[in-house]
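Take a look at the structure set out below.
Read the figures in this text as sums done on the coordinates, not as results from a lab. The structure presented is a predicted model; accordingly, all values stated were derived computationally and were not measured. All Cβ positions, even for glycine, are placed from backbone atoms using ideal geometry, and neighbour counts span all protein chains on display.
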Amino acid sequence: MSRIQLIVDSEYFLRESPHPHLFVQLLSYLSKEHELGVLLVGLDALHSFLELFSASEVFGSLIVHLLPVILQLDKQLVIAANEGTDPEVAALWLLNPLRLAKLYQLRCSANLGTCAEHKQVHKWLLYPTALTSDNYQQLTAICHHLFKHSDNSELNLLSNLLKQPQSIALHSVIRHLSSRCVQDEKLIKQAVLDIINTRNVIVYSNSLKNSYTLNYNKKFREIFWTLLSTQLNIQERQILFAVNTGKSDRMARNLLHSVHSLGELNLIERILLNQWPDKLRLEIDYLRRKFSWIEREGNELIRKYLIRETHQRI
C-alpha cells in the first residue's frame, strides 16, 4: 500500500472512529516524510483534522504535538520557493492553490516565523486599503494577529474602513477581518450587521468559512446567529432555509455545515426556526452526532493519547 493511500484510507476509517488517536499518530510520521506528493496529501488531511477539532479543548495541544509536521511542510514550501528549484516541483503546490492557503493557516496557528505576522501587519497599516482577497499569506497573518493581539488603533481602523465606501472586493475583505478575525464585540456586531444587511446567502456562507484562520471565533458565531434571528423576520428566515419554498436547500445545508461546535448547533436550532424541514432536520441530527462524539469521546481519546506521548518523550 502506498503512503498516500494509507493517509486517504486512515482519514476515512480512523479520523472519526473509536481510535482517532491512531490517525494523529499516523499524521505525526509526516514529520519524517520528504516526498512532496505524500506531504501535500498529508497537508490536506492535517488541515481537515485540525479544522474538525478547532472548537474543541484539545485544539491547542494538537497544534503543539503536530508542530514537527507543520515545520516539515513549511520547510518544503520554502525549498520550492527558492530560486533554482525544479519548476515542476514548485508547480505541484499550485495544482490546488488552496493548499497554500491551508499551509499559511497552519504556520500562523503554530506561530512560526514564516507567518511573518509583524511584517504583514506593518505593511497593512502603511497601506490599509491595499488588501486583496487572494493575498492569502498577508490576510492570514493579519487575521492571526487581530485574533491574538489586536489593539484599539487597529480595531478603530477596521471600524472606520467598514463605514467608508470601498470596492466590493475590498469591502468584503474588511468585513471578514472585522468579524471573523477579532474578538471585540462592538466591532463584530458592526461587521455582522453589514453582512446581514446584504440579504445575500452567499455572503452569509462566505463569512462563516475559515478562509484565513483555523481559530474558532466563538464570539463572532454567537453574534452572527443571534443577529440573524433578530434582523431577519420569520418569513425571511424561512426563505433562507427553504421552508415550503419548493426550491433547493443547498445553501441552507451549506450554512448548517459551517457550524463547528455542539453549542453553536444548539443555538441556531433554538433561535432560527420554530420548525425545521425534515431534510434539514436530518442534517442537524447528523451534525449533532458528529459534535457529540467530538465533545464526549474524541476529545478525551486524543487528550489521553497526547498525555501518554508527552510522558514517553520525558
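General observations
- Volume per residue of the C-alpha convex hull in segment 235-314, rounded to whole Å³: 93
- Spin-label pair residue 160-residue 129: with each label point 7 Å from Cα along the Cα-Cβ axis, the two points sit 1.2 nm from one another.
- When the convex hull of its Cα atoms is projected in every direction, mean area for segment 18-84 (nm²): 4.8
- Inter-centroid distance (Cα atoms) of segment 107-172 relative to segment 1-25, Å: 36
- Across q = 0.30 Å⁻¹, segment 101-145 modelled as identical point scatterers on its alpha-carbon atoms has Debye log10 I(q)/I(0) values of -1.08, in the order of the q list.
- Fewest-first sequence of 134, 194 by Cβ atoms within 10 Å of each Cβ: 134, 194
- Farthest toward positive dipole pole in segment 1-114 [+1 Lys/Arg, -1 Asp/Glu at C-beta], among 31, 4, 45: 31
- Taking Cβ atoms as reference points and 13 Å as the exclusive limit, the residues near residue 210 contribute a net charge of +3, counting Lys and Arg as +1 and Asp and Glu as -1.
- Semi-axes of the equivalent ellipsoid for segment 108-249, Cα gyration tensor, largest first, Å: 29, 15, 14
- Expected 222 nm ellipticity per residue - DSSP helices of 4 or more, -39500 (n - 2.57), all of the chain, to 500: -21000 deg cm²/dmol
- At least 20 Å along the helix axis (C-alpha) and Kyte average at least 0.0, DSSP helices within the chain: 36-52, 67-81
- Packing-based exposure ordering (other Cβ within 10 Å, fewest first) of 132, 213, 140: 132, 213, 140
- In segment 140-223, trypsin sites (Lys or Arg not before Pro) in a DSSP loop with at most 15 other beta-carbon atoms within 10 Å: 199, 209
- For the chain, alpha-carbon Rg relative to the globular expectation (2.2 N^0.38 Å, N residues): 1.05
- Spin-label pair residue 286-residue 71: with each label point 7 Å from Cα along the Cα-Cβ axis, the two points sit 3.9 nm from one another.
- Residues 117, 57 in ascending order of nearby Cβ atoms (within 10 Å, fewest first): 57, 117.
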